[in-house]
Amino acid sequence: MSITRDEFDPLGIVVDWLDTCRLGDLSALVDMYDERAALECDCDGVTLIGRQSIAAYWAPKLALALATAFSMGEISLTAHGVCLDYRNYEGDPVRLLFCFTPSGKILHTECGPLGQRRCAA
């Protein structure tokens, strides 16, 4: 039996993602991603594939996160997933786009400075 997007709450997953980042729980964070997930970050100029690479990317960021990090701004559904404006680990405003697998795992994220990245309608 296949699971459709209607059977999971993409906004809830993104809120959980932020909470997990705030807690600094790398294991729980990485578990939110699909095995073949891709992460594209314009801020750092990197593209990563797979949980192991994503874990290596997030580990130092979670460890060095400021107290103001991972606070939520705007959040909205898009045709392809969720658009989130939030404060990154350094407290800078960032826009992050999430796409999901049919079962609700994060399949792809794209992030960049808030003023430089648009959300697809």
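The values are calculated or read from the model by the stated rules, or taken from the named source; none is laboratory data. These numbers were taken from a predicted model, which means no experiment stands behind them. Virtual Cβ from ideal backbone geometry, glycine too; neighbours counted across all protein chains shown.
Quick check on the stretch 70-85: of everything there that is small (G, A, S) and out of contact with any Asp or Glu (no Cβ under 7 Å at 6 or more places or on another chain), which residue is nearest to L107 (Cα to Cα)? Let's see the steps before the verdict.
Residues of the stretch 70-85 small (G, A, S): 71, 73, 76, 79, 81.
Pick out the ones that are also out of contact with any Asp or Glu (no Cβ under 7 Å at 6 or more places or on another chain) and you get 71, 76, 79, 81.
Numbers: S71: 22, S76: 18, A79: 15, G81: 10 Å.
Result: G81.
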Checklist entry - Here is a list of conditions, (1) in a loop (DSSP other than H, G, I, E, B); (2) at pLDDT 95 or above, and H108 meets all of them except one; can you say which number that is? => result (1)
Item to check | Failed condition for G91, given (1) assigned to a loop (DSSP other than H, G, I, E, B); (2) of a type in the set (G, A, S); (3) within 27 Å of E7 (Cα to Cα) | outcome: (3)
Checklist entry - Condition test on I3, is it at pLDDT 95 or above and of a type in the set (V, I, T)? => result no
Checklist entry - Tally time: how many residues in the stretch 78-121 are touching a residue at least 60 places away in the same chain (Cβ under 8 Å) and exposed (fewer than 14 other Cβ atoms within 10 Å of the Cβ)? => result 4
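Would you list the strands (runs of 3 or more DSSP E) that sit entirely within the stretch 21-77 and hold 2 or more residues that are more than 13 Å from N88 (Cβ to Cβ), among the small types (G, A, S) and touching a residue at least 60 places away in the same chain (Cβ under 8 Å)? Break it down stepwise before answering.
Details: elements: 33-41, 46-49, 72-77.
Those strands (runs of 3 or more DSSP E) span 33-41.
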